[in-house]
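Worksheet for the structure shown next.
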C-alpha cells in the first residue's frame, strides 16, 4: 500500500522522474524511513498530502499566487523524513508544499494543514481553540478528535485507516471539503 | 425465357420493377447503415457521460483506499440496464472494485486497457482514467451490451422489407398500366407486320396511336408497305413478260436441239457405217466414242468403254505400237502406220492417229483403223506360193544340174567304153571288161533315173495320211538290210517308238535312207540308235518353225559313222550334193534330199549334226496331231 500511494503521488510525473524517485524512496525506505517510520504513518503522510486535493482553502489564506502551502506537524514528528520526501517538489494548486515542524501552538504563525501529534484531549482542546481563527485543516490521531472540535480525525477500522470529519468545524474554518472526501469518511 | 426474348411490355415492367427494387434496397441499406452508426455514436456519448461521472466520483475512494465506497459508486450503474459490467483499477492497475459485486473476476479485464471505446462481440467497452486534480489515480472500465441497438436495427430491417415488398407491388401495378401506353402501339404494329407476312396481303395498313417514335415508325412502315405494293405490281408484270420470253426461248432451243440431234444422229450414222474402226480418245486416253465397226472387231459395246481408259479396257495393248502411236499423236504428231499387227485381236490394221486440237492444245486423238487382215493373209499366201515356186525353181535348176553333170557322167562313160569297145574289137577279154563297164554305167544311170523319179513323185504326193507304227517300219527295214547288216556286223537299237500319222511308204523310205547312209558311210561296225521324245508345249513354242497348236514327237537318229563337218549340216540335204568321192562310198546324192522332202511333206523338220570320224545325228520332228 505504501508504494502504491507513492505511485499515486508520482503518477503525473515523467517516467524518468518516477523511476528516480522510486529509487530514492527505495533506498531511504530501506535504510532510514522504514526503520524510523511505521507503515501506518507513511500512509498517514500520504493522506496529509492528498488532503490538498480534496479541500479548498480560501484565497485569503495565501499571501500571493506562489506563496507556499504549508503542512505543519505539532509536537513530536512521527513521520520522520518520509513526509518531506512525499511532498518534495509537489504543489497544491500552484503553491509549493513545505513541511514545518512546531513545538507549541504559539510557534505557529501560518499553516494550511496541521497534524497534531497528541492523544490527550485536555491538551488538544486549548490548541484547537487557539487555531480557530487560522483557517487550518486540523488533523490528529487522537480519539474523537472531530468531536473535540478538530476537523479530520484518523481512526483504525478492520486494520485500515479511516477518517472522521467534523463538517461544522471545517465550515467554521472557511474550508470547503470535497463531497468525494466526505463520501469516504464518517461525518460528525 | 431470356429477357431479350421477352415481350416488350414485360421488358418495360421488368426494368421499372428492377429499378424500383434497387432504389428501395439502396435507400434501406443507407438508412440502416446510418442508423447503425448514429446509434453507435449516441451509445458512445451516453456511456462516455456515464463513465465521466463514475470516474469523477470514484477518485477519493481509490485515493483513500475505500473499496466499499467504490463499490457503492459503481452500484449506481444498476439504474442503467445496458451496463452489464464495470470495474475500477487503482494506479497500479490492480482490480479495486467491480459491478455487479458478485461478478467473478475472470469476466473482467485483468489489467486496464488503452483509453477509449471499442466494440467487441456485440458489446461496447470503454476504459477511462480516473483523474483527481490533474493526477491519474486509477482506471474505470465499463462494458455495455448493444442488444437494444440490434433490436432497433432488426425493426428497421423488417420495416425495410415491408417497404420493399409494398413498393414492388405498387411499382408492378403502376408499370402494368403505364407500360401499356408504350407497348400497345408496338404490339399493334407487330400484329400488323405478322398478318402481312402470314397472308402476304400488302394492302393492310398499321393503325397509328400517337405522334411519338412508334407513331413515326408506323408511318414509315405504312409508307414501306405502299412502296412494296407498287413494286409487287411491277414485279408481277415483269414476271409475266419474263415467262413469255422464257417460253419463246425454250421453243427456240427445242427446235435447235432437234436440229442438233439430227446432225448428231447423222454423224453417228456416218461413223457407224464406216468400214474402218473410228475411235476418239481424250488426253487421258479415255474413250470419247467408238463406232460400230470398233464394237464388232473388239467384241465390245460402246457403253462399256466410253469414259474408260484405253489401257484399262485393253490392258494387253500397254506399250504396243498402237499405244506408242497414240502418245505421239497426243504430242501433236500426225501418225500414219500402214501395217501394224493388233495387240488386242488377231488381225492387221492400217492406222491413222490424228491429233485433235483446240488452238495449239491437243485435247484428244482420233483413231482411224483400216482392217487389212484379209489383204495381209492374201499377201502371206502369195508369199508362200512364191516361196514354193522359188523352191521348185531351185529343184528344176538341180534337175538341170543332174542332166548336165550326174546323168551325163555314166552316159559319157558308156560313150567312152563303147569307143574303146570298138577299138578293141579283137581282144575278147578287154571287150568283156568294157561291156561290164558299160553295163555298170547303164545300171547306175538307171538307179539315178529311179531316184529322180522317186524324188519328183514325192514332191507331188497328195496321198492321205494313215496311222503308222514306227516299230513295225524299223523291223521291216532290218529285214530288208539283213545281208548288209550281217556283212558289216551292224547293230540297230531303238526304244519303243510311237505311232504317228503319215504316208507309210514315205516314212519307210525316210528311215530306209537314213539306215542305208549309216551302214554305207562307216569304217567300223555300224551302231545305230533311235530315241524318241515328245516335245513339251514350251519346247514347241521355243521353235519358231513349229505350230504351237500341234503336238510333236522328236526322233533322234544317231550313228557312229564317218560323220561330217558341222559347216555342211545344211548342205547335205541338197539334191546330188555328195561330200565324198564315188570311189570311197557309193551313192546317188539324192537320199538326204529325199528325206528332207518327206519330212517337209509331213509338216516336220529335219536337222543334222556331225563330227568327223565320230558320227552323225539326225533330229526329226514330226507332228502327232492337234493338241
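Observations
- Each residue in segment A:84-103 was checked for being buried (at least 17 other Cβ atoms within 10 Å of the Cβ), within 19 Å of residue A:64 (Cβ to Cβ) and at pLDDT below 90, and 1 of them qualify.
- At least 3 residues being crowded, with 17+ Cβ neighbours inside 10 Å, touching a helix residue (DSSP H, G or I) at 6+ places or on another chain (Cβ under 6 Å) and at pLDDT below 90 is the threshold, and among the helices (runs of 4 or more DSSP H) wholly inside segment B:487-606 those reaching it are B:504-520, B:591-601.
- Looking across segment B:294-310 at every residue that is farther than 21 Å from residue B:351 by Cβ and touching a helix residue (DSSP H, G or I) at 6+ places or on another chain (Cβ under 8 Å), the one that is surrounded by the fewest Cβ atoms within 10 Å (Cβ to Cβ) is identified as B:301.
- Residue A:134 being out of contact with any helix residue (DSSP H, G or I) (no Cβ under 7 Å at 6 or more places or on another chain), within 13 Å of chain B (Cβ to nearest Cβ) and either at positive phi or surrounded by fewer than 20 Cβ atoms within 10 Å (Cβ to Cβ) (or both): no
- Any chance residue B:349 is touching a residue at least 40 places away in the same chain (Cβ under 8 Å), assigned to a strand (DSSP E or B) and touching a strand residue (DSSP E or B) at 6+ places or on another chain (Cβ under 6 Å): yes
- Candidate set from segment A:104-123 (those that are over 18 Å from residue A:142 (Cα atoms) and under 12 Å from the mean Cα position of the chain (by Cα)); member that is modelled with the highest pLDDT: A:112
- Filter result for the condition that a residue is outside any loop (DSSP other than H, G, I, E, B) and in contact (Cβ under 8 Å) with a residue 40 or more places away in the chain, over B:279, B:275: B:279
- Unique residue being under 51 Å from the mean Cα position of the chain (by Cα) and crowded, with 16+ Cβ neighbours inside 10 Å when the list is B:395, B:371: B:371
- Condition check for residue B:17: within 14 Å of chain A (Cβ to nearest Cβ) and either over 12 Å from residue B:142 (Cα atoms) or touching a strand residue (DSSP E or B) at 6+ places or on another chain (Cβ under 7 Å) (or both): no
- Of all the numbered requirements in (1) more than 14 Å from the chain's Cα centre (by Cα); (2) within 14 Å of chain B (Cβ to nearest Cβ), residue A:181 misses one, and that requirement is (1).
- Residue match in segment A:7-29 (condition: modelled with pLDDT of 85 or more, within 14 Å of chain B (Cβ to nearest Cβ) and either under 19 Å from residue A:161 (Cβ atoms) or not in a loop (DSSP other than H, G, I, E, B) (or both)): no
- Residue within segment B:48-62 that is closer than 13 Å to residue B:141 by Cα, surrounded by fewer than 20 Cβ atoms within 10 Å (Cβ to Cβ), more than 14 Å from every other protein chain (Cβ to nearest Cβ) and in contact with a helix residue (DSSP H, G or I) (Cβ under 9 Å, 6 or more places away or on another chain) present: no
- Candidates in segment B:63-86 are the residues that are assigned to a helix (DSSP H, G or I) and away from chain A (no Cβ under 14 Å); of these, the one that is surrounded by the fewest Cβ atoms within 10 Å (Cβ to Cβ) is B:79.
- The lone criterion from (1) within 24 Å of residue B:6 (Cα to Cα); (2) surrounded by 12 or more Cβ atoms within 10 Å (Cβ to Cβ) left unmet by residue B:205 is number (1).
- When residues in segment A:60-103 are screened for being out of contact with any helix residue (DSSP H, G or I) (no Cβ under 7 Å at 6 or more places or on another chain) and part of a helix (DSSP H, G or I), 3 of them pass.
- Taken over segment B:251-304, the criterion of being at positive phi and in contact with a strand residue (DSSP E or B) (Cβ under 9 Å, 6 or more places away or on another chain) is satisfied by B:285 alone.
- Residues located in segment B:593-619, provided they are more than 20 Å from residue B:391 (Cβ to Cβ) and touching a residue at least 60 places away in the same chain (Cβ under 8 Å): B:616, B:617, B:618, B:619
- Check on residue A:113, touching a residue at least 60 places away in the same chain (Cβ under 8 Å), under 25 Å from residue A:38 (Cα atoms) and away from chain B (no Cβ under 14 Å): yes
- Of all residues in segment B:521-533, those that are over 15 Å from residue B:497 (Cα atoms) have Cβ atoms under 6 Å from Cβ atoms of residues that are part of a loop (DSSP other than H, G, I, E, B), 6 or more apart or on another chain, in B:521/B:561; B:521/B:562; B:521/B:585; B:522/B:561; B:525/B:489; B:526/B:490; B:527/B:560.
- Residue within segment A:149-166 that is more than 21 Å from residue A:53 (Cα to Cα), touching a strand residue (DSSP E or B) at 6+ places or on another chain (Cβ under 8 Å) and either within 11 Å of chain B (Cβ to nearest Cβ) or exposed (fewer than 14 other Cβ atoms within 10 Å of the Cβ) (or both) present: yes
The values are calculated or read from the model by the stated rules, or taken from the named source; none is laboratory data. Just so it is clear, the structure is predicted and the values come from calculations on it, not from any experiment. So basically every Cβ, Gly included, is an ideal-geometry build from the backbone, and we count neighbours across all protein chains shown.
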